[in-house]
Amino acid sequence: MARVNLKNITKVYGSNTVVDHINLDVEDGSLVSILGPSGCGKTTTLRMIAGFEIPDDGEVLFDDQPVGRVPVNKRNIGMVFQSYALFPHMTVAQNVAYGLEQHGVPKSEIPGRVMDALERVHMAEYAQRKPKQLSGGQQQRVALARALVIRPSVMLLDECLSALDKKLRVEMQSELRRLLEESKVTTFFVTHDQEEAMTLSDRIVVMHDGIIEQTGTPREVYESPRNRFVADFLGKADFFEGKLVSAGNGIVTIATENSELTLTGSTTAAPGEDVLFAVRPEHVIMNPAVGAETPVGALRGKINHIIYSGNVISSIVDCGGMMVRTEATGGSLSREPQRGEEVILSWEPDYLIQLEK
Amino acid sequence: MIKDRRTIMTWPAMLTLLLFALFPLVIMFYTSFISDATGEFSMANYAKFFSNLTYIKVTGTSILISLCVTLVSLVIAYPLAYIMAKKLKGLKNIILVLVIIPFFTNQLVRVYSWLIFLQDGGILNRLFMTFGLAENGLGILYTKAAVIIGLTHAFFPYMVVTIFMALERLDDAMLEASRSLGASKTTTFMKVIFPLSMPGVISGVTIVFIPCLGSFVEPRILGGTGGLTIGNIIEDQFFEIYGWNFGAAIAFLLLAMVLICMGGLNSAGKRWQV
Ligand SMILES: Nc1ncnc2c1ncn2[C@@H]1O[C@H](COP(=O)(O)OP(=O)(O)OP(=O)(O)O)[C@@H](O)[C@H]1O
Ligand SMILES: [Mg+2]
């Protein structure tokens with residue numbers, strides 16, 4: 001219920017620039033995931049939006065109004081923490097009522113709104129319990145209800161599902177999505193779980209070392225990663241790096257350190273430039289090599305090892321010293337790959353992604 | 001079988017306790033009913049205590065002093081514990097060591113230091129007189145105030161530690177949650193921090209108030225006549241007057257008071273437990 005803009009926000013601890021001139025515009029009511037490895041500054045960014053940290057440079061705007069001078073309790077935000085942070089001395093109902101009392105909601109309205117919020121997270125029957133008497137998942141629901149009941153303009157969630165086990169987490173993800181869509185609240189969702197970011201959000205912000213590497217829809221970020229870091233962090237990728245020799249007719253030729261590679265695909269780079277390409281392992285088609293001929297744009301190699309992980313079988317193929325990963329969903333393979341087998345790897349031209357060098 | 005064998009292991013400890021704690025207590029309880037004058041078994045010792053206004057007054061003084069010490073300790077200890085646990089986390093170990101120093105000081109050294117510090121011609125008095133704040137000295141020594149100062153010094157570290165532990169356990173995210181829900185810092189303190197620190201406050205109160213009730217060294221040395229406590233009366237009965245049986249009776253009255261206070265504080269503590 002508010003548009004949020006981050007303008008050049010920066011946070012420095014000592015000599016360590018933890019968040020480095022970040023710019024981000026978030027539409028009213030959209031759900032943005034901030035994704036990145038540990039220590040990249042996700043929590044710090046979130047805390048600056050909340051007002052717990054003051055940016056050393058730049059400003060945060062809610063609906064075009066700078067909020068730099070607005071204290072946390074006046075920003076009308078909803079926060080959900082990894083540790084749930086419920087008040088242990090209050091019942092579930094009192095926890096949810098707390099924010100309403102602070103916002104001066106008339107006493108007569110409070111019980112109704114509390115029950116309504118609890119019903120929406122299916123926790124109404126636990127209203128009189130203490131947080132200690134609830135499971136982790138139930139506590140998380142209460143924490144959500146408590147944050148949402150005040151109708152915040154911005155919701156901030158910091159790895160709020162990561163303490164739950166995998167199955168419950170997936171369940172909560174869809175429920176969270178439903179709740180946040182219902183309440184149409186602008187949401188920042190910090191996570192280091194890429195799958196969670198993909199399923200939950202309208203947009204993903206990939207952070208690394210205090211800067212934003214890329215922003216886009218989950219599909220954009222996954223299918224057109226900008227650089228090596230994003231390609232590697234979201235999903236897996238095979239990289240091909242070298243000097244561009246020639247390009248055209250759906251074939252790209254590059255010179256690597258010790259050989260020349262022909263890859264299926266196209267490029268905007270000019271010959272002589274340093275280039276970096278990536279292919280997603282699930283786009284690599286693996287066929288047994290028949291005869292000595294290698295089709296143009298394909299790679300020939302020997303299966304080095306095979307990783308079986310239930311739904312997916314990954315084969316790591318040694319193509320003249322370069323390891324290329326392929327993935328196939330278990331059911332789609334006509335026959336099991338064998339270690340040491342000679343194979344041909346190929347892909348559709350569109351699947352060759354050109355990355356920034 | 002196994003359960004039996006386990007209980008056997010506790011027997012030596014039980015026996016020691018029985019022999020050195022319970023047994024003397026039983027003997028004392030018995031002698032408290034023997035009149036010092038006639039040697040008969042009666043309620044005479046207890047009657048003597050309640051019929052003499054001086055004893056009742058001294059009991060009142062003891063309670064008053066203990067309450068003051070507890071209150072002053074609380075006022076000093078709470079902010080200190082709060083700063084250690086939430087504000088200057090980096091310095092908490094240093095502050096803790098400084099706070100605990102009185103623990104490791106010999107009781108007599110500690111009390112005599114106060115004696116020297118507070119006496120006429122002592123540092124404090126001279127300081128006040130040089131600045132013209134008190135003409136004839138403060139005259140603090142040999143009053144209840146001196147006892148309160150001495151006892152507070154001895155016992156407030158316990159309070160700092162118990163409150164610190166309660167506050168330390170408090171998840172910072174909880175305080176931030178409160179702020180994000182619209183509560184000011186003051187409200188957060190009143191509605192979240194303070195209630196959750198109550199168990200620590202109550203154990204602190206218990207651990208300061210109870211030993212103060214029975215203290216006799218500080219009152220003896222710093223208190224003069226106005227600062228005499230029930231502990232001094234018991235001490236006198238045993239070491240000066242040799243009214244052991246009467247002394248035992250007063251000791252049991254003190255014990256009863258202690259037990260009642262502990263019961264009350266304990267149930268108060270339960271109410272705040274989360
Ligand atoms: N109060 C602070 N003082 C000094 N350095 C800090 C402080 N808070 C965070 N940092 C540092 O800032 C960097 C970013 O921290 P931040 O908590 O934002 O990371 P994060 O992306 O949330 O990581 P994680 O996924 O592990 O939670 C880290 O290197 C951290 O050590
Ligand atoms: Mg974090």
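The values are calculated or read from the model by the stated rules, or taken from the named source; none is laboratory data. From a predicted model like this one, the values you see are computed outputs, not experimental measurements. Cβ coordinates were reconstructed from backbone atoms using ideal geometry, including for glycine residues, and neighbour counts include every protein chain displayed. Accessible surface is based on the protein model in full, side chains and every heavy atom, while ligands, DNA and RNA are left aside. Shrake-Rupley method; radii C 1.70, N 1.55, O 1.52, S 1.80 Å.
Collect the residues in the range A:65-74 that are within 14 Å of A:Val4 (Cα to Cα) and either away from chain B (no Cβ under 14 Å) or of a type in the set (Ser, Thr, Tyr) (or both), keeping them in residue-number order. Result: A:Gln65, A:Pro66, A:Gly68.
Taking residues in the range A:302-322 that are modelled with pLDDT of 90 or more and of a type in the set (A, V, I, L, M, F, W, C), and partners anywhere that are part of a strand (DSSP E or B) and open to solvent by 50 Å² or more (accessible area, probe 1.4 Å), the pairs with Cβ atoms closer than 6 Å and at least 6 places apart or on different chains are A:Ile316/A:Asn304; A:Ile316/A:His305; A:Ile316/A:Met323; A:Ile316/A:Arg325.
The residues listed here are A:Ala97, A:Ala93; of these, the one that is under 28 Å from A:Glu119 (Cα atoms), away from chain B (no Cβ under 14 Å), more than 16 Å from ligand 2 (Cβ to nearest atom) and assigned to a helix (DSSP H, G or I) is A:Ala93. Taking helices (runs of 4 or more DSSP H) as the structural unit, those lying wholly within the range B:185-274 and holding at least 3 residues that are over 30 Å from B:Met174 (Cα atoms) correspond to B:194-213, B:217-222, B:230-239, B:244-272. None of A:Ala197, A:Ala163 is within 14 Å of another protein chain (Cβ to nearest Cβ), within 16 Å of ligand 1 (Cβ to nearest atom) and of a type in the set (A, V, I, L, M) except A:Ala163.
Can you name the residue in the range A:107-135 that is part of a loop (DSSP other than H, G, I, E, B) and in contact (Cβ under 8 Å) with a residue 40 or more places away in the chain and is also nearest to the other protein chains (Cβ to nearest Cβ) among such residues? The qualifying residue nearest to the other protein chains (Cβ to nearest Cβ) is A:Lys130. Going by what's in this entry, would A:Lys7 be described as surrounded by fewer than 16 Cβ atoms within 10 Å (Cβ to Cβ) and more than 16 Å from ligand 1 (Cβ to nearest atom)? No, not satisfied. Scan the range B:101-120 and tell me whether some residue there is modelled with pLDDT under 85, surrounded by 13 or more Cβ atoms within 10 Å (Cβ to Cβ), within 19 Å of the chain's Cα centre (by Cα) and assigned to a helix (DSSP H, G or I). Yes; the residues of the range B:101-120 include at least one that is modelled with pLDDT under 85, surrounded by 13 or more Cβ atoms within 10 Å (Cβ to Cβ), within 19 Å of the chain's Cα centre (by Cα) and assigned to a helix (DSSP H, G or I). Taken together, the criteria place A:Pro88 among residues that are at the interface with chain B (Cβ under 9 Å from one of its Cβ atoms) and closer than 24 Å to B:Ser184 by Cβ.
Filtering the range A:30-44 to residues that are away from ligand 2 (no atom under 11 Å from the Cβ) and out of contact with any Leu (no Cβ under 9 Å at 6 or more places or on another chain) leaves only A:Ser30.
Here's a check for you: in the range A:200-218, which residue that is of a type in the set (Asp, Glu) and within 23 Å of A:Thr17 (Cβ to Cβ) is farthest from ligand 1 (Cβ to nearest atom)? Here the residue is A:Glu213.
Just one residue in the set B:Leu175, B:Leu170 is facing chain A (nearest Cβ under 9 Å), open to solvent by less than 30 Å² (accessible area, probe 1.4 Å) and out of contact with any Phe, Trp or Tyr (no Cβ under 7 Å at 6 or more places or on another chain); that residue is B:Leu175. Residue check: A:Gln139 meets all listed conditions (1) in a strand (DSSP E or B); (2) open to solvent by 30 Å² or more (accessible area, probe 1.4 Å); (3) within 14 Å of another protein chain (Cβ to nearest Cβ); (4) not charged (D, E, K, R) but one, namely (1). When the residues of the range B:19-35 are filtered to those that are more than 18 Å from B:Leu254 (Cβ to Cβ) and surrounded by 12 or more Cβ atoms within 10 Å (Cβ to Cβ), the one that is modelled with the highest pLDDT is B:Ile34. Exactly one residue among A:Gly41, A:Gly104, A:Gly29 is open to solvent by 10 Å² or more (accessible area, probe 1.4 Å) and more than 14 Å from chain B (Cβ to nearest Cβ), and that residue is A:Gly29. Listed by position, the helices (runs of 4 or more DSSP H) contained in the range B:1-66 that have at least 1 residues being touching a strand residue (DSSP E or B) at 6+ places or on another chain (Cβ under 9 Å) are B:23-31, B:44-51.
The condition (being open to solvent by 10 Å² or more (accessible area, probe 1.4 Å) and either within 16 Å of ligand 1 (Cβ to nearest atom) or among the hydrophobic types (A, V, I, L, M, F, W, C) (or both)) is satisfied by just one residue among A:Ile54, A:Ile49, A:Ile77: A:Ile54.
Considering every residue within the range A:147-159, establish whether at least one is within 14 Å of chain B (Cβ to nearest Cβ), of a type outside the set (A, V, I, L, M, F, W, C), within 16 Å of ligand 1 (Cβ to nearest atom) and in contact with a strand residue (DSSP E or B) (Cβ under 7 Å, 6 or more places away or on another chain). There is at least one residue in the range A:147-159 that is within 14 Å of chain B (Cβ to nearest Cβ), of a type outside the set (A, V, I, L, M, F, W, C), within 16 Å of ligand 1 (Cβ to nearest atom) and in contact with a strand residue (DSSP E or B) (Cβ under 7 Å, 6 or more places away or on another chain). Would you say A:Val4 is in contact with a helix residue (DSSP H, G or I) (Cβ under 8 Å, 6 or more places away or on another chain), touching a residue at least 60 places away in the same chain (Cβ under 8 Å) and more than 16 Å from ligand 2 (Cβ to nearest atom)? Against the criterion (in contact with a helix residue (DSSP H, G or I) (Cβ under 8 Å, 6 or more places away or on another chain), touching a residue at least 60 places away in the same chain (Cβ under 8 Å) and more than 16 Å from ligand 2 (Cβ to nearest atom)), A:Val4 qualifies. Among the residues of the range A:45-64, just one is within 16 Å of ligand 2 (Cβ to nearest atom) and more than 14 Å from every other protein chain (Cβ to nearest Cβ), namely A:Thr45.
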